[in-house]
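Participant: Can you keep this structure in mind? I'll have questions shortly.
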Amino acid sequence: MDKTANHSAAQAAPESKQKKQDDGQYSPQVRIKDMSNLNGQSQHLRHVVSDTIGQYFDELGGEEVTDVYKMVLNEVEKPLLEQVMSHAGQNQSKACSILGINRGTLRKKLKQHELI
């Protein structure tokens with residue numbers, strides 16, 4: 001994305017919470033502690049993304065833009081894969097389980113982002 005997005009991501013520290021879903025399963029609710037937020041409150045990842053996309057459009061000043069979906073996925077997917085692979089100790093099977101994708105898809109995405 002833009003410099004703002006990279007700056008925000010560099011200053012963020014994740015916190016995970018478990019939330020019980022209707023089916024009885026627990027899923028993490030990722031919250032980001034924004035270091036620029038002086039009162040120490042956390043924000044949901046979706047709010048950080050929403051704010052960053054809003055800033056991106058504001059900075060365009062009405063200029064036409066295309067392929068935003070692809071741009072956002074490329075910005076988010078690589079660091080996601082890097083962090084999950086690190087957390088999984090580079091074990092692709094474990095990373096697949098964490099991500100909820102099959103091994104073929106993971107390998108394709110790792111190659112796409114030049115991570116293998």
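Participant: Of (1) assigned to a helix (DSSP H, G or I); (2) surrounded by 13 or more Cβ atoms within 10 Å (Cβ to Cβ), Ile101 satisfies all except one. Which?
Facilitator: Exception for Ile101: condition (1).
Participant: To continue, here is another question. Any residue in the range 51-60 that is closer than 21 Å to Leu115 by Cβ, more than 12 Å from the chain's Cα centre (by Cα) and open to solvent by 90 Å² or more (accessible area, probe 1.4 Å)?
Facilitator: The answer is no; no qualifying residue exists.
Participant: Right, here's the next one. Please indicate, with yes or no, whether at least one residue in the range 76-91 is outside any loop (DSSP other than H, G, I, E, B) and loosely packed, with under 10 Cβ neighbours inside 10 Å.
Facilitator: No, because not a single residue in the range 76-91 is outside any loop (DSSP other than H, G, I, E, B) and loosely packed, with under 10 Cβ neighbours inside 10 Å.
The values are calculated or read from the model by the stated rules, or taken from the named source; none is laboratory data. Computed from a prediction, not measured in an experiment: that's the story for all the values here. Positions of Cβ are backbone-derived with ideal geometry, glycine not excepted, and every protein chain shown enters the neighbour counts. Side chains included, ligands, DNA and RNA excluded: accessible areas come from the protein's heavy atoms. Shrake-Rupley method; radii C 1.70, N 1.55, O 1.52, S 1.80 Å.
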